[in-house]
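A quick write-up on the structure given underneath.
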Amino acid sequence: QVQLVESGGRLVQAGDSLRLSCTASGRAFSRFGWFRQPPGKEREFVSAITRGTGNTYYADSVKGRFTISRDNAENTVYLQMNSLKPEDTAVYYCAADRTLGTATDPGAYDYWGQGTQVTVSS
């Protein structure tokens, strides 16, 4: 049974840093992605990383502040978030893709975690 379990979300102050983790069990995946859903808005792409090459992708809104990394041995992906802003407040979801679809397209991902809340106060 495939499971993605996220952790690390919490309430922080603007300017703080936070690291999210996502561990997959049940199988290996070709790519991991992070998406987020701000209150009252649609889910949006944040970042993605390809398992084999380590290629990374970032939304413009987080480029230079967020860093995605992976531990293939542990089937885990991390999202290091620095210089957090109130507009980063959202539920953050980890997603896993078996077949290397378009990295920014949520429809390309086969499995999703339950989400972890990140709240950034001003």
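The values are calculated or read from the model by the stated rules, or taken from the named source; none is laboratory data. Being a predicted model, the structure only gives us computed values, none of them experimental. Note: ideal-geometry Cβ built from the backbone for every residue, glycine included; neighbour counts use all protein chains shown. Surface accessibility is based on the protein's heavy atoms, side chains included, excluding ligands, DNA and RNA. Shrake-Rupley method; radii C 1.70, N 1.55, O 1.52, S 1.80 Å.
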Neighbours by Cβ (under 8 Å, 6+ apart or cross-chain): first from the stretch 102-121, within 30 Å of Asp16 (Cα to Cα); second open to solvent by less than 70 Å² (accessible area, probe 1.4 Å) and in a helix (DSSP H, G or I): Val118/Asp88; Val120/Pro86; Val120/Asp88; Ser121/Pro86
Subset of the stretch 107-122 [touching a Phe, Trp or Tyr at 6+ places or on another chain (Cβ under 7 Å) and polar (S, T, N, Q)]: Thr116
Odd one out for Val120 among (1) more than 15 Å from Trp34 (Cα to Cα); (2) out of contact with any helix residue (DSSP H, G or I) (no Cβ under 8 Å at 6 or more places or on another chain); (3) assigned to a strand (DSSP E or B): (2)
Some residue of the stretch 59-69 being in contact with a Phe, Trp or Tyr (Cβ under 8 Å, 6 or more places away or on another chain) and basic (Lys, Arg): no
Residue tally, condition touching a residue at least 60 places away in the same chain (Cβ under 8 Å) and among the hydroxyl-bearing types (Ser, Thr, Tyr), over the stretch 1-39: 3
Check on Ser47, open to solvent by less than 40 Å² (accessible area, probe 1.4 Å), hydroxyl-bearing (Ser, Thr, Tyr) and modelled with pLDDT of 95 or more: yes
Residue match in the stretch 5-21 (condition: modelled with pLDDT of 95 or more and closer than 18 Å to Leu100 by Cβ): no
Residue count for the stretch 1-13, restricted to those that are under 17 Å from Arg65 (Cβ atoms) and exposed (fewer than 14 other Cβ atoms within 10 Å of the Cβ): 1
Looking only at the stretch 50-90, and only at residues there that are in contact with a Pro (Cβ under 9 Å, 6 or more places away or on another chain) and farther than 13 Å from Trp34 by Cβ, the one that is most open to solvent (accessible area, probe 1.4 Å): Glu87
Considering residues of the stretch 15-35 that are closer than 21 Å to Pro86 by Cα and out of contact with any Lys or Arg (no Cβ under 6 Å at 6 or more places or on another chain) only, the residue surrounded by the most Cβ atoms within 10 Å (Cβ to Cβ): Trp34
Considering residues of the stretch 91-116 that are of a type in the set (Ser, Thr, Tyr) and crowded, with 18+ Cβ neighbours inside 10 Å only, the residue farthest from the chain's Cα centre (by Cα): Tyr109
Residue match in the stretch 64-86 (condition: more than 21 Å from Gly8 (Cα to Cα) and among the aromatic types (Phe, Trp, Tyr)): no
